[in-house]
Amino acid sequence: MILVTGGAGFIGANFVRLWLEQRDEPVLVLDKLTYSGNAANLQPYLEEGRVELVRGDIGDAALLERLLAEHRPRAILNFAAESHVDRSIHGPAVFVETNIDGTFRLLQAATAYWSGLPAGDRAAFRFLHVSTDEVFGSLGERDAPFCETTPYAPNSPYAASKAASDHLVRAWHHTYGLPVLTGNCSNNYGPYQFPEKLIPLMIDRALDGQPLPVYGDGRQIRDWLYVEDHCRALMAVLERGRPGEVYAIGGACEKTNLEAVDTLCATLDACRPRADGVSYRQQIAFVADRPGHDRRYAIDAGKMRRELGWEPRETFASGIERTVAWYLANPEWVAAVKSGAYRDWIDMHYGAA
Ligand code: NAD
């Protein structure tokens with residue numbers, strides 16, 4: 001049994017799904033089911049009983065103690081977080097609560113549990129912390145990509161809270177010996193992503209005939225990675241990574257935001273042409289830039305390649321094709337998320353928050 005926090009969110013749910021396709025080991029998901037957590041992301045595995053979903057907060061020490069004692073996981077993977085930069089600018093408090101304080105409580109509970117395990121289980125136990133490349137700040141156009149030794153320089157409240165959580169994780173290894181692993185990954189996209197993030201937002205608005213808002217001049221560069229490739233990387237880190245080590249994970253796929261939206265429009269033009277035959281590109285509209293917007297992120301994933309033999313399988317074009325195909329095939333998922341209907345389902349099964 002593995003414990004996955006935040007497993008009803010975008011990357012966590014993709015990870016759980018991939019895990020259950022490839023491994024015969026059940027998963028306990030602890031998720032607060034905030035606006036971005038969606039139990040429907042874990043179907044049909046919830047019904048089959050291969051996943052158990054507990055609605056709760058990683059900051060709830062008593063709950064953590066009880067769950068760990070009852071379920072005795074051999075690993076904890078921490079995906080739970082407030083994850084949206086724009087939201088962190090307007091309401092940073094919850095980012096500090098979940099990403100910093102929550103990670104602290106989780107580390108405390110994990111350390112107490114791990115310390116009490118029999119020697120063999122102790123040696124095999126892992127705590128995998130899922131983090132972001134945004135902790136490294138912003139790169140200039142000619143700078144070398146981020147890697148595991150890049151100094152931290154977070155610029156947004158989101159990035160600062162994740163940076164703090166990474167430091168806590170590191171310290172719990174050095175001070176208490178907890179066998180931790182950290183992955184700092186670049187921008188993900190793919191199925192089950194909440195439609196506030198760039199790629200699903202653009203797909204949704206394009207199909208709705210609305211303007212496609214691009215911040216500033218659209219020349220901010222992101223290193224895009226298809227979510228399944230990230231999840232495969234995390235499986236490799238969990239199973240073959242060295243405790244105490246950090247792994248930079250990225251797609252070697254730098255695109256300006258404008259290029260990303262352009263590829264998306266071209267893919268939509270091919271898969272679901274507009275009725276008037278005009279390209280979706282016509283809907284692109286430039287809007288005022290976000291405050292403190294980082295100019296460029298890029299990752300050197302050489303350590304992942306050399307030490308763990310990991311490489312992304314998808315190119316940006318193929319990943320976008322798969323993503324568009326998924327959103328076109330699952331309009332009811334998008335509609336339920338947008339209307340808040342999935343909340344009714346959550347409240348029916350798990351009680352109102
Ligand atoms: P998400 O917002 O889709 O999912 C976060 C999940 O955490 C949700 O299910 C939410 O309900 C849950 N959650 C929030 N607060 C919680 C709490 N206090 N206790 C328990 N559960 C809680 O985010 P995501 O994009 O899937 O990101 C997952 C992790 O990966 C985050 O740690 C994020 O920093 C990191 N990351 C994301 C990206 C990306 O591009 N999306 C890239 C690199 C790293």
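Values for this structure:
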quantity	calculated
Selection count where residues are aliphatic (A, V, I, L, M) and either within 14 Å of residue 187 (Cα to Cα) or at pLDDT below 95 (or both), scope the range 292-314	3
Any chance residue 40 is open to solvent by 30 Å² or more (accessible area, probe 1.4 Å) and either under 22 Å from residue 196 (Cβ atoms) or within 15 Å of the ligand (Cβ to nearest atom) (or both)	yes
Among (1) in contact with a strand residue (DSSP E or B) (Cβ under 7 Å, 6 or more places away or on another chain); (2) in a loop (DSSP other than H, G, I, E, B); (3) under 30 Å from residue 324 (Cα atoms), the one test that residue 214 misses	(2)
Per-region count, the range 186-208, residues more than 18 Å from residue 332 (Cα to Cα) and out of contact with any Phe, Trp or Tyr (no Cβ under 9 Å at 6 or more places or on another chain)	0
Any pair with Cβ under 8 angstrom, 6 or more apart, that starts in the range 95-120 at a residue that is more than 16 Å from the ligand (Cβ to nearest atom) and ends at one that is of a type in the set (A, V, I, L, M, F, W, C) and assigned to a loop (DSSP other than H, G, I, E, B)	111/178; 114/125; 114/178; 117/125
Residue match in the range 251-259 (condition: at positive phi and not acidic (Asp, Glu))	yes
Failed item in (1) crowded, with 24+ Cβ neighbours inside 10 Å; (2) in contact with a Phe, Trp or Tyr (Cβ under 6 Å, 6 or more places away or on another chain); (3) not hydroxyl-bearing (Ser, Thr, Tyr), with residue 81 passing the rest	(2)
Test: residue in the range 182-204 that is in contact (Cβ under 8 Å) with a residue 40 or more places away in the chain, at positive phi and more than 15 Å from the ligand (Cβ to nearest atom)	no
Which listed residue, of 33, 106, is hydrophobic (A, V, I, L, M, F, W, C) and within 30 Å of residue 215 (Cβ to Cβ)	33
Number of positions in the range 275-298 that are farther than 20 Å from residue 318 by Cα and surrounded by 16 or more Cβ atoms within 10 Å (Cβ to Cβ)	5
Residues satisfying the stated conditions in the range 141-172, i.e. open to solvent by less than 40 Å² (accessible area, probe 1.4 Å), assigned to a loop (DSSP other than H, G, I, E, B) and of a type outside the set (Gly, Ala, Ser)	147, 150
Close pairs (7 angstrom Cβ cut-off, 6 or more residues apart or separate chains): free of Cβ contacts under 8 Å to residues at least 24 places away in the same chain in the range 141-155, part of a loop (DSSP other than H, G, I, E, B) anywhere	153/137; 154/137
Number of positions in the range 1-28 that are within 15 Å of the chain's Cα centre (by Cα), more than 6 Å from the ligand (Cβ to nearest atom) and among the aliphatic types (A, V, I, L, M)	4
Flag if residue 252 is assigned to a loop (DSSP other than H, G, I, E, B) and small (Gly, Ala, Ser)	yes
Residue under evaluation residue 335, criteria (1) open to solvent by 20 Å² or more (accessible area, probe 1.4 Å); (2) in contact (Cβ under 8 Å) with a residue 24 or more places away in the chain; (3) of a type in the set (A, V, I, L, M); (4) part of a helix (DSSP H, G or I), criterion not met	(2)
Filtered residue count, the range 173-190, keeping only those that are open to solvent by less than 10 Å² (accessible area, probe 1.4 Å) and closer than 21 Å to residue 215 by Cβ	2
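This table checks each residue for (1) in a helix (DSSP H, G or I); (2) open to solvent by 10 Å² or more (accessible area, probe 1.4 Å); (3) touching a Cys at 6+ places or on another chain (Cβ under 8 Å).
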site: 192; (1), (2), (3): no, yes, no
site: 201; (1), (2), (3): yes, yes, no
site: 218; (1), (2), (3): no, no, no
site: 228; (1), (2), (3): yes, yes, no
site: 267; (1), (2), (3): yes, yes, no
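The values are calculated or read from the model by the stated rules, or taken from the named source; none is laboratory data. Keep in mind it's a predicted model, so treat the numbers as computed, not measured. FYI the Cβ positions are ideal-geometry reconstructions off the backbone, even for glycines, and counts take in every protein chain you see. Note: areas computed on protein heavy atoms with side chains; ligands, DNA, RNA excluded. Shrake-Rupley method; radii C 1.70, N 1.55, O 1.52, S 1.80 Å.
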